[in-house]
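Read-outs throughout are calculated quantities, based only on the coordinates presented, and are distinct from any laboratory measurement. Given the structure is predicted, the values throughout are model-derived calculations rather than measurements. Every residue, glycine as well, gets a Cβ built from its backbone with ideal geometry; the counts of neighbours run over all protein chains shown.
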Amino acid sequence: MEKLTGYSDKICGSPGEAISFKVSSPQRLSYQAELVRLRCADSSATGPGFKEFSLPAAFTGEHTGRRQRIGIGSFVKADNITAFDLKRVTLLSLIWPTLPEGKEQALMGTWDPKAKSGYGLFITKHGTLSFSVGNGSEPVFTVNLETPLQPRHWYLVAATYNDETGEAIIHQIPQFQYAYSSDSITKSQIKKLSIRNNGCFRIASWEIDGIPKSCFNGKIERPRVSKQALRLSEIESLVNSETSSSLNADVVAAWDFGANNSSDILMDIGHHRLEARTYNLPTRAVRGSRWDGSQHSFTQAPSHYGAIHFHEDDLYDCGWDTDFQFEIPDGFPSGLYAAKLTMGEEEEYLPFYVRPPKGTARSRLALLIPTASYCAYANYHVGTEWVFSEQILNAFTVLDAEAQYLQHHADLGISSYDSHVDGSGCSYSSRLRPVLNMRPHTWAWQFAADTHIIDWLEQKDFDVDIFTDEDLHNEGLSLLEPYSCVMTGTHPEYYSRNMMNTLLAYQQRGGRFMYMGGNGFYWKIDYHKDFPGVIEVRRAEDGSRSWISEPGEYYHSFSGELGGLWRRNGLPPQAIAGIGFTAQGFDKSTFYERTDDSFDPRVEFVFKGIKAEEKIGDFGEMGGGAAGFEIDRADLQLGTPPHALVIASATNFSDGYHWVAEEHTHAHKAITGTTCPHVRADMVFYETPGGGAVFSTGSIAWSGALSSKNYNNNVSRITENVLRRFLDPTVF
Amino acid sequence: MKTIDSSRKDLAYEFRDTPFGPHSAELREVLQILRWTPLKGRRILVCTRPNEEWRIGINPGVRGKEIIFEGDPFYNFRGALWGLFRRRWELATGEQLES
């Protein structure tokens with residue numbers, strides 16, 4: 001059964017701005033809404049305890065419920081109805097189907113499945129090519145081929161209908177040669193019928209009542225439409241035509257899918273310049289039929305990248321209507337808030353952050369909430385779709401309520417950790433949909449885990465201004481400049497170039513930087529310049545990853561830059577934080593021990609009140625220790641500054657911990673916590689030019705220990721020692 | 001590749017007694033084999049009431065399909081882990097373990 005859920009247009013706003021909430025109440029029942037401040041979103045018995053505070057807001061009260069639907073699946077639409085209102089037609093394209101069998105899929109045409117009118121090229125549920133024409137009153141005229149399409153092979157497919165003769169012809173021409181079954185196939189049938197077209201021209205899906213139907217999985221390249229019934233030789237000539245001058249006036253549209261990869265607008269090279277748009281972010285900058293391995297960047301060889309990869313589970317923006325707004329009052333404190341919805345026993349939270357207006361810092365400390373990483377993990381399907389998840393977690397799968405709901409409701413989309421239904425990796429992930437793992441009461445990972453820091457700062461009475469990754473990316477150094485100290489969340493894994501450069505520039509200008517987590521600054525991402533709330537990530541070359549980018553598809557469509565790990569892109573995490581991802585495990589966390597470096601007078605302030613032999617963080621909510629889950633190490637070769645002090649290390653890890661894949665030159669067994677010296681968490685400190693400094697914990701689990709023993713513990717003490725010194729203007 | 005020796009019930013009972021580890025090297029190998037089962041049909045635990053109730057579910061292996069439950073609910077997490085281990089052991093060896 002569908003649940004009461006929703007999302008907001010912004011993830012962060014400042015006083016004077018409005019946050020719009022979009023809600024779906026599937027049973028159309030009314031619900032209560034109220035504004036709450038969230039101090040701690042983790043309700044586990046071993047954490048600080050769930051802490052929310054109700055606040056007055058104009059939207060408080062009962063709201064009429066309505067069901068809002070999700071139209072999942074990517075497609076192309078050209079809105080010029082008149083241009084495609086054809087009685088005689090040829091459709092042709094190169095296609096690379098990835099899941100040809102199983103269900104009917106749309107390729108291209110004006111087909112209206114409800115009215116059974118228009119013209120349309122399909123793949124049937126048996127994986128065969130099919131062409132239909134109809135007018136809504138007579139029986140549909142369909143020509144089917146019998147030879148199924150092979151998955152992940154290129155074909156030239158085409159269909160013609162001649163209204164004078166009533167002849168429909170369909171062609172299936174493999175672009176490869178095998179010993180068997182690789183012949184071209186052509187079939188024709190005759191039935192006179194006057195096509196009636198009801199709507200616009202679509203590629204890769206039909207539509208019923210505004211929702212995409214029969215979505216195609218696979219690539220489409222060089223789709224063309226002619227208002228003549230072309231012969232095969234003309235079809236083969238037209239598909240290879242790439243300039244306006246080579247096209248005659250009968251060509252209605254000839255789209256170049258390899259151009260404008262960062263835009264949703266598709267260029268028609270035909271004389272009519274019939275613009276089309278992509279919807280729901282199909283994957284761009286993918287290999288086309290001409291890719292031969294000699295080129296790897298679509299910007300260098302556009303002709304090799306003439307295709308778009310469509311998926312039935314692509315989703316950018318649910319596009320729901322707004323149900324209510326929250327206008328953030330002047331002077332409203334920075335923090336984490338949510339619109340809390342209740343309907344009987346059902347409860348839902350739509351979280352958002354409030355920051356100070358631009359240029360008006362209200363404290364000396366800024367906390368960066370890693371919302372790019374929340375986006376990367378949004379609605380992930382680890383337990384049900386990763387065959388190796390139990391080996392990584394060293395535990396059997398246990399599904400919580402959110403994971404069950406996501407399993408049962410495919411229309412909420414997937415994360416950049418998941419693969420599409422056709423097995424290709426998901427490169428784009430958006431927050432403009434209900435994101436069920438960015439909610440209170442979820443596992444203390446990312447969103448809920450970061451509230452351990454918010455909770456601790458409040459407990460210790462530190463004033464803080466909260467910002468998100470989107471603010472950091474959009475505003476750069478001007479955002480951070482007013483602050484004496486900038487603190488991260490527990491797992492700031494996904495960073496754009498602008499975000500990386502901003503942190504470096506901030507440090508170089510005397511800023512103080514506290515990295516409160518593990519596996520940060522790892523994957524390179526891009527935000528889209530026109531589409532808010534979506535990131536792109538390519539799992540290129542190497543890394544600890546749940547899927548691997550296809551060869552030749554390592555470059556970001558949003559920017560044209562090479563994707564992958566930052567360590568392979570000139571900015572290793574060690575250059576930002578002194579440490580970088582070295583191992584992960586999720587069974588038992590452990591403690592840090594002080595190193596000889598910790599007795600250096602430069603770091604005396606860090607260990608004030610900490611004994612020389614004291615175990616640091618042999619407690620905590622996340623695995624029972626402060627060092628755990630994903631951990632980092634210092635490495636001079638990877639960019640740790642030469643003057644950095646490794647002031648504590650944790651080494652007592654189990655065999656459930658594994659050294660990261662990107663550093664293995666050969667596969668072997670000695671990569672676990674008990675056998676590999678690289679499986680350790682290093683805590684580091686170093687000074688930066690201009691009197692600044694960097695302190696890094698090297699562990700996601702660190703913040704899970706802050707509240708232990710009623711906040712009186714050595715993890716809390718060290719964090720407080722560092723923060724107080726970092727807020728002190730005295731130069732390092 | 002190794003298969004699970006169903007006569008090594010001592011390893012199963014080691015898991016029953018210490019489901020959260022640490023585990024012996026031999027039990028770790030058994031667990032690694034049990035955890036390589038295909039996604040479709042994989043028995044998993046589903047928490048049906050937070051911190052109170054768990055059931056063994058059959059992963060359909062296809063997004064959007066219902067998870068089918070089998071057997072009775074468990075009312076403590078350790079018991080649920082042991083119940084899941086027994087079920088996977090049975091599927092791997094054809095032999096049932098005593099509870």
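If you filter segment A:332-400 for chymotrypsin sites (Phe, Trp or Tyr not before Pro), then keep DSSP loop positions with at most 14 other Cβ within 10 Å, what is left?
Answer in residue order: A:Phe388.
I'm checking a number: the convex hull volume of the Cα atoms of segment A:623-684, normalised per residue, in Å³. What is it?
86
Using each residue's phi in segment A:219-226, evaluate 6.51 cos²θ - 1.76 cosθ + 1.60 at θ = phi - 60° and report the 3J(HN,Hα) Karplus result to the nearest Hz, with x for Gly and Pro.
Rounded to whole hertz, the list is 9, 10, 9, 6, x, 9, 10, 10.
At a Förster distance of 41 Å, what's the computed FRET efficiency of B:Glu66 paired with B:Asp10, Cβ-Cβ distance as r, to 0.05?
With R0 = 41 Å, the Cβ-Cβ based efficiency is 0.65.
Name the longest site-free stretch of chain A, where the excluded sites are GluC sites (Glu not before Pro) in a DSSP loop with no more than 13 other beta-carbon atoms within 10 Å.
That gives A:346-603 as the longest site-free run.
Can you tell me how much longer the chain between A:Ile211 and A:Leu29 gets when fully stretched, taken as 0.36 nm per residue apart minus their C-alpha distance, in nm with one decimal?
So the extension gain works out to 63.2 nm.
How much length is gained if the chain between A:His441 and A:Asp183 is pulled fully straight, taking 0.36 nm per residue apart and subtracting their Cα-Cα distance, in nm to one decimal?
Roughly 87.1 nm would be gained on extension.
How large is the Kirkwood hydrodynamic radius of chain A, in angstrom, based on all distinct alpha carbon pairs?
Evaluated over chain A, this radius sits at 27.5 Å.
For an R0 of 60 angstrom, estimate the FRET efficiency from the Cβ-Cβ distance between B:Ser99 and A:Ala505 and round to the nearest 0.05.
It comes to 0.45.
Would you mind giving the mean number of other chain beta-carbons within 10 Å of the Cβ of each residue in A:644-656, as a whole number?
1
Between segment A:573-645 and segment A:48-101, what's the alpha-carbon centroid distance in Å?
Here the two parts' Cα centres lie 45 Å apart.
Residue by residue through B:41-52, how many Cβ atoms from other chains fall within 10 Å of the Cβ on average?
4
If you scale each eigenvalue of the Cα gyration tensor by 5 and take the root, what three semi-axes come out for segment A:491-560, rounded to whole angstrom and sorted largest first?
25, 16, 10
Tally Lys/Arg at +1 and Asp/Glu at -1 over every other residue whose Cβ is under 11 Å from the Cβ of B:Arg63; what's the total?
Local charge sum for B:Arg63: -4.
Can you sort A:Val286, A:Val225, A:Val76 so the residue with the fewest Cβ neighbours within 10 Å comes first?
Arranged by neighbour count, lowest to highest, A:Val286, A:Val225, A:Val76 become A:Val76, A:Val286, A:Val225.
Give me the net charge for the shell around B:Arg88: Cβ to Cβ below 9 angstrom, other residues only, Lys and Arg +1, Asp and Glu -1.
Value of the local net charge: +4.
What area, in nm² and to one decimal, does the C-alpha convex hull of segment A:409-496 cast on average over all directions?
7.5
Can you tell me how segment A:353-727 classifies by the Cα gyration tensor, rounded, prolate or oblate, using a/c under 1.5 as the rounded cut?
rounded
Report, in listed order, any pair from A:Lys125/A:Lys227; A:Lys125/A:Lys219; A:Lys125/A:Lys213 with a Cα-Cα distance greater than 25 Å.
Beyond 25 Å between Cα atoms: A:Lys125/A:Lys227.
Please give me the summed charge of the neighbours of A:Asn394: other residues whose Cβ is under 11 Å from its Cβ, Lys and Arg +1, Asp and Glu -1.
0
Mind jotting down the distance between the C-alpha centroids of segment A:402-430 and segment A:303-345, whole Å?
16
Sticking with the crude label model, points 7 Å out along Cα→Cβ, report the distance from B:Lys40 to B:Ala25 in nm, one decimal please.
Using points 7 Å along Cα→Cβ, the separation is 3.8 nm.
Enumerate the amide H contacts of A:Asp542 below 5 Å, restricted to partners 5 or more residues apart or on another chain; note that Pro and chain-start residues carry no placed amide H.
A:Leu565
Counting just the Cα atoms, what span does segment A:75-310 cover along each of its three principal axes? Round to the nearest Å and put the largest first.
If we take the Cα atoms of segment A:75-310, the spans are 50, 42, 35 Å.
How would you classify segment A:623-732 from its alpha-carbon gyration tensor, with a ≥ b ≥ c the square roots of the eigenvalues: rounded for a/c under 1.5, else prolate if a/b is greater than b/c, otherwise oblate?
oblate
Within segment B:56-99, find all residues whose amide N lies under 12 Å from a label point positioned 7 Å from the Cα of A:Thr674 along Cα-to-beta-carbon.
None, by backbone N distance to the label point.
Please compute, for peptide B:62-70, the average count of beta-carbon atoms on other protein chains lying within 10 Å of each residue's beta-carbon.
Shielding by partners across B:62-70 averages 4.
Place a +1 charge on the Cβ of each Lys and Arg in segment A:166-320 and a -1 charge on the Cβ of each Asp and Glu, then give the dipole magnitude about the Cα centre in debye, rounded to the nearest 20.
Here the size comes out at about 420 debye.
Only bridges whose two residues both fall in segment A:486-612 count here: according to DSSP, what percent of them are antiparallel, nearest 5?
50
Count the lysine pairs in segment A:353-727 whose Cα atoms lie under 21 Å apart, taking only pairs 8 or more positions apart in sequence or on different chains.
So the count of such lysine pairs works out to 9.
Would segment B:9-93 count as rounded, prolate or oblate if I go by the C-alpha gyration tensor, calling it rounded below 1.5 in a/c and otherwise prolate when a/b exceeds b/c, oblate otherwise?
Because a/c hits 1.5 or more and a/b fails to exceed b/c, segment B:9-93 counts as oblate.
Could you list log10 I(q)/I(0) for segment A:511-633 at q = 0.16, 0.23 Å⁻¹, which the Debye formula gives when each Cα is one point scatterer?
So the normalised log intensities work out to -0.93, -1.35.
Quick one: which residues, 5+ away or cross-chain, put their amide H under 5 Å from the amide H of A:Asp526? H built at 1.01 Å from N.
A:Glu536
Calculate the FRET efficiency for A:Phe176 and A:Thr651 from the Cβ-Cβ distance with a Förster distance of 41 Å, rounded to the nearest 0.05.
Computed FRET efficiency for A:Phe176 and A:Thr651 comes out at 0.15.
With labels modelled as points extended 7 Å from the Cα through the Cβ direction, what inter-label distance (nm, one decimal) is found for A:Ser245 paired with A:Ile190?
About 4.2 nm separates the two model spin labels.
If amide hydrogens are placed 1.01 Å from N in the peptide plane, which non-local residues have theirs closer than 5 Å to the one on A:Leu399?
B:Leu45, B:Val46, B:Cys47
Where in segment A:49-86 is the amide nitrogen less than 20 Å from a point lying 7 Å along the Cα-to-Cβ axis of A:Ser20?
It comes to A:58-60, A:63-72, nothing else.
Summing -39500 (n - 2.57) over the DSSP H runs of n ≥ 4 in the protein assembly as shown and dividing by its residue number, what mean residue ellipticity at 222 nm do you reach, to the nearest 500 deg cm²/dmol?
For the protein assembly as shown, the value works out to -4000 deg cm²/dmol.
Which of B:His23, B:Phe77, B:Pro60 sits farthest toward the positive end of the charge dipole of segment B:9-93, with +1 on the Cβ of Lys and Arg and -1 on the Cβ of Asp and Glu?
Of B:His23, B:Phe77, B:Pro60, it is B:Pro60.
Might you report the magnitude of the Cβ-based charge dipole of segment A:353-727 about its Cα centre, with Lys and Arg at +1 and Asp and Glu at -1, to the nearest 20 debye?
840
Return, ordered by residue number, the residues of segment A:528-553 whose backbone nitrogen is under 14 Å from a label point located 7 Å along Cα→Cβ of A:Gln300.
A:552-553
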